[in-house]
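One structure is given below, encoded as C-alpha cells.
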C-alpha cells in the first residue's frame, strides 16, 4: 500500500482487544515511531490521533482552554499570595 497526498483514506481492522494497526506508509509520512505515545480524541463522530505536542504547545492549549472557560484570570487571582503564605510557614527540618 502506498500512501500519497491524494490518498485520504486508509483502512484498518479493530481487534478483539480494541487495537488497530496504522498502515506503515501513513506512520512514516507522519513520523509516528514505535513506542510513541499519542493522544486520542473524539471530534464530530470521528477518532482523531494526535502526536505528542511539545511543551510550548501544551502550555498554549492549556491557556486557551482556561481563557475559553473564563478561568484563566480566576486561577491566577485565586493563587495570588499563596507562595507568600507558604513561605511564612515553618517546615519541620527546614530553617
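Each reported figure results from applying straightforward, stated rules to the coordinates on display, with no laboratory input. Predicted model only: the values in this text are computed from it and were never measured. Virtual Cβ from ideal backbone geometry, glycine too; neighbours counted across all protein chains shown.
The calculated FRET efficiency for residue 55 paired with residue 10, based on their beta-carbon distance and R0 = 22 Å, is about 0.15. Ranking of 29, 17 by neighbouring Cβ atoms within 10 Å, starting from the fewest: 17, 29.
Listing 39, 46 from fewest to most neighbouring C-beta atoms within 10 Å gives 46, 39.
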